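What follows is one structure encoded as structure tokens, with my remarks underneath.
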Amino acid sequence: MKLKQSLFKTIIFSEILKGLQLTFKHLLKGKVITQQYPHQKPTLPDGYRGVIVHLRYDDGAEICVGCSLCEAACPSHCITVESAEREDFPQKRYAKRYILDVTKCVFCGFCVQACPVDALASSKEYEMATTDKRTLMMDKEAMLTLGDQYFPIRQKRPQYSEDRFSLFKQMKEVGFPLAKKGSS
Amino acid sequence: MELAAQLLVILIQIAAVMGVVLLHVAYLTYAERKVLSDMQDRLGPMEVGPHGLLQPIADGLKLFFKEDIIPAGANKIIFSASPILVLVPALIGFAVVPFGRDSLHIGDVEITPYITDINIGILYILAFSSLGAYGILLGGWASNSKYALLGGLRSAAQVISYELPLGLSLVGPILLSESLSMMTMTHAQAGGFWNWYVVKTTPIPFVIYMICAIAETNRLPFDLPEAESELVAGFFTEYSGMRFSFFFLAEYANMILVSCIGVVAFLGGWQAPFAFLEFIPPIVWFLAKVYFLLFFYIWLRATVPRLRFDQLMAFGWKIMLPLSLVMVLVISVAKYILTH
């Protein structure tokens, strides 16, 4: 009986008919998985690591203090930081030059994690295809404008108290007060 | 004068049929891509024109302007002759396919719905469709490439094993209609779908015909001659540009041709399935049936994986051939008993 059944199934191509049924079901369903990419862009998850950007404080000043920790953390050596002392705030540093080589960057996000002042962030920019490789050598300005684009909500600048400012002023005039032995 | 007018009419007919067939070939590729992609939850061509409707034209233009490369070790004459040898038999078969019932009369000139109605129509098509295999074999051989040669050899083996059951499956309709002419065969199936040979000869010859037709046109699941995962592209690995597109055209024209023969021999040609549906023009019925068979081809391609080569040969020689021989015997005995 069982043999007869399987023979009958072979004769009417039962397996193939089953397959045909399945494919026809998919034809009728009309479900589409493909995304028409340039016309229809994917919604990226929040943890997406695109091009690294620089951030600003809410008053527009850049956050970066030029500590070069990102340069140290970068596994592909794509970050170059040249830091300098600020004119207006003695003993405060900033990145005079900051170069990100996107052609080398592996988008690991280690620099973002390494940054002590949260000056760096991963944007969701991923369409970096270009005919001119030089545009992929991003300087600080390019990274700041990209950061403005992707992070419109900026963090507040920490407020310094008046005596902090007066200390800075004093330092500017007479130099950094060296700690003396015996003084409190 | 009379002769000139007739010649002109015939030329116009040929041009019209060729034009329609080539247009169908172009849009069959589009339909195939669309149906396949729908079955695989994709979108298929979407860029050129609305929903990619102009894709076949873009493809054609691209192939036309591509560089035509002849490999260094290839036999130049055979290499350039074989695409033509494949394409011509595929297109020439349409000469005997009856597309509709009524002739068109303009003054004294009669325009028939077929180019010619020779009394050995089916034999003519079978003869020419087997010639196409020469083109494939020679093309594979002349390319001086192991993949192309293997593809060509497989094609030859496949054609030998599927040509026989294909011819034998058509013996049923020939016996019943007592004619080899496609027109007579269609007329013999008038009256309703129970008179169609797919019912009258039991569906077995029709199923055999469909399987063999798929094997003949090198389509999945019998696309071993061009199995892209094993043989790059089989016999047309080395072809490019126009010559490549000739092979492509031939494959799709062959698909349409075997569907047309299947419709004429088994599905009643342009006959309506019920008498009360005869107000719909015959050509619509013919096209609907051909489109259904073409859709079935594509449907099957989306469903069934490629067979192994020994399975293909075993299936052809051990099942299809004996079965079609038995069916010939059964049909002829039944016909004898019923008429006497």
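The values are calculated or read from the model by the stated rules, or taken from the named source; none is laboratory data. Everything quoted here is computed from the prediction, not taken from an experiment. Ideal geometry is used to build each Cβ from the backbone, glycine not excepted, and the neighbour counts take in all protein chains shown. For accessibility, only protein heavy atoms count, side chains too; no ligands or nucleic acids. Shrake-Rupley method; radii C 1.70, N 1.55, O 1.52, S 1.80 Å.
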| task | Could you check A:SER6 against (1) of a type in the set (Ser, Thr, Tyr); (2) facing chain B (nearest Cβ under 9 Å); (3) in a helix (DSSP H, G or I) and say which number it fails? | result | (2)
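Could you please let me know if B:ILE331 is in contact with a Ser or Thr (Cβ under 8 Å, 6 or more places away or on another chain) and either open to solvent by 20 Å² or more (accessible area, probe 1.4 Å) or away from every other protein chain (no Cβ under 14 Å) (or both)? Can you show your working first?
Working: in contact with a Ser or Thr (Cβ under 8 Å, 6 or more places away or on another chain): yes; either open to solvent by 20 Å² or more (accessible area, probe 1.4 Å) or away from every other protein chain (no Cβ under 14 Å) (or both): yes.
Yes; evaluated as a whole, the condition is true for this residue.
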| said: Can you say whether A:VAL65 is in a loop (DSSP other than H, G, I, E, B) and out of contact with any Lys or Arg (no Cβ under 9 Å at 6 or more places or on another chain), as far as the supplied structure shows? | reply: no
| message | in the same structural domain as A:LYS133 (by TED's automatic domain parsing), touching a Ser or Thr at 6+ places or on another chain (Cβ under 9 Å) and in contact (Cβ under 8 Å) with a residue 40 or more places away in the chain: is that true of A:CYS78 in this structure? | response | no
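Looking for whichever is of a type in the set (Phe, Trp, Tyr) and within 14 Å of chain A (Cβ to nearest Cβ) here; the options are B:PHE276, B:PHE309, B:PHE292. Which one fits? Even if it seems obvious, please write down each step before you answer.
Details: B:PHE276 fails: within 14 Å of chain A (Cβ to nearest Cβ); B:PHE309 fails: within 14 Å of chain A (Cβ to nearest Cβ).
Unique residue meeting the criteria: B:PHE292.
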| task | Note down all Cβ pairs under 6 Å where the first residue falls in the stretch B:190-206 and is in contact (Cβ under 8 Å) with a residue 12 or more places away in the chain and under 12 Å from B:ALA265 (Cα atoms), the second is small (Gly, Ala, Ser) and surrounded by 15 or more Cβ atoms within 10 Å (Cβ to Cβ), and they're at least six residues apart or on different chains. | result | B:TRP196/B:GLY268; B:THR201/B:GLY172; B:PRO205/B:SER169; B:PRO205/B:GLY172
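Going through A:ALA121, A:ALA129 one at a time, which residue ends up being modelled with pLDDT of 85 or more, within 19 Å of A:VAL53 (Cβ to Cβ) and either open to solvent by less than 100 Å² (accessible area, probe 1.4 Å) or within 14 Å of the chain's Cα centre (by Cα) (or both)?
Values: A:ALA129 fails: either open to solvent by less than 100 Å² (accessible area, probe 1.4 Å) or within 14 Å of the chain's Cα centre (by Cα) (or both).
Step by step, each of A:ALA121, A:ALA129 is checked, and only A:ALA121 is modelled with pLDDT of 85 or more, within 19 Å of A:VAL53 (Cβ to Cβ) and either open to solvent by less than 100 Å² (accessible area, probe 1.4 Å) or within 14 Å of the chain's Cα centre (by Cα) (or both).
Do we find that B:GLU178 is at positive phi, without any contact (Cβ under 8 Å) to a residue 60 or more places away in the chain and not hydrophobic (A, V, I, L, M, F, W, C) in this structure? Show your work before the answer.
Values: at positive phi: yes; without any contact (Cβ under 8 Å) to a residue 60 or more places away in the chain: yes; not hydrophobic (A, V, I, L, M, F, W, C): yes.
Against the criterion (at positive phi, without any contact (Cβ under 8 Å) to a residue 60 or more places away in the chain and not hydrophobic (A, V, I, L, M, F, W, C)), B:GLU178 qualifies.
Just to check your reading of the model, which residue among B:ALA74, B:ALA15, B:ALA31, B:ALA81 is assigned to a helix (DSSP H, G or I), of a type in the set (Gly, Ala, Ser), surrounded by 13 or more Cβ atoms within 10 Å (Cβ to Cβ) and more than 14 Å from chain A (Cβ to nearest Cβ)?
Values: B:ALA74 fails: assigned to a helix (DSSP H, G or I); B:ALA15 fails: surrounded by 13 or more Cβ atoms within 10 Å (Cβ to Cβ); B:ALA31 fails: more than 14 Å from chain A (Cβ to nearest Cβ).
Exactly one residue qualifies, and that residue is B:ALA81.
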| task | Kindly list the number of the only condition in (1) in a helix (DSSP H, G or I); (2) open to solvent by less than 40 Å² (accessible area, probe 1.4 Å); (3) aliphatic (A, V, I, L, M) that fails for B:VAL207. | result | (2)
| Which of the residues belonging to the stretch B:34-50 are outside any helix (DSSP H, G or I), within 11 Å of another protein chain (Cβ to nearest Cβ) and open to solvent by 40 Å² or more (accessible area, probe 1.4 Å)? | B:GLN40, B:ARG42, B:MET46, B:GLU47
| task | Please verify whether the stretch A:26-48 includes one or more residues that are at the interface with chain B (Cβ under 10 Å from one of its Cβ atoms), surrounded by fewer than 12 Cβ atoms within 10 Å (Cβ to Cβ), on the phi > 0 side of the Ramachandran plot and free of Cβ contacts under 8 Å to residues at least 24 places away in the same chain. | result | yes
